[in-house]
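Please treat every number below as a calculation from the coordinates, not as lab data. This is a predicted model, so every value here is computed, not measured. Here Cβ is always computed from backbone atoms with ideal geometry, including for glycine, and neighbour counts include all displayed protein chains.
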Amino acid sequence: MEGIEGFITFTYHENIDNAAKFYGETLELELVLDRDWVKIFRIGKDSHIGLVDSEKGYLKPATEKPVMLSIFVRDVDYWYSKLRNKGVRTNNPPKNADEIDMKGFLTWDPSGYVIEIFEFLTKPYGEE
């Protein structure tokens, strides 16, 4: 779309330092903006996740997180092994979802946001 440069999803955290450690050290995402109350990590070329301190952000965190953060990767089995080796809790080993031709698993960040990590078995957007 003309004029659009990227996408950031902001999530709200009571303990932004724990969340930042998870996204930076555990998921090994690149920190591209680091302020007291907001931290932005690059997920892909033009996609990001923003972490906001609940004391200063526009929204307040809720106990139930009605959003699922989905990250698609080239090798979901590699990511599963990598996270399990770091002691990260998951729902199960990667499973096929045949109806949408993907394979994935779920995990959670320290604030309770569900993170889906999956691989498209047939890329719906084509190959680069």
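Here are the numbers for the structure shown:
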{"item": "For the chain, alpha-carbon Rg and Dmax in angstrom", "result": "15.2, 43"}
{"item": "On Cα atoms only, tilt of 76-85 relative to the major axis of the chain in degrees", "result": "50"}
{"item": "Formal net charge of residues neighbouring Lys39 (Cβ-Cβ distance under 10 Å; K, R +1; D, E -1)", "result": "-3"}
{"item": "Relative frequency of Cα-Cα separations exceeding 14 Å in the range 33-75, percent", "result": "61"}
{"item": "Relative contact order for the chain, counting Cα pairs under 8 Å that sit 6 or more residues apart, in percent", "result": "22"}
{"item": "Among Val32, Phe10, Ser111 - extreme Cα towards positive end, dipole of the chain, charges at beta-carbon", "result": "Ser111"}
{"item": "Estimated FRET transfer efficiency when R0 is 25 angstrom, pair Phe120-Lys21 (beta carbons, to 0.05)", "result": "0.30"}
{"item": "The range 52-97: mean projected area of Cα convex hull, nm²", "result": "5.1"}
{"item": "Inter-label distance, nm, simple model (7 Å from Cα along the C-beta direction), Leu33/Leu59", "result": "1.6"}
{"item": "Neighbourhood net charge (14 Å Cβ-Cβ; Lys/Arg +1, Asp/Glu -1) for Pro61", "result": "-2"}
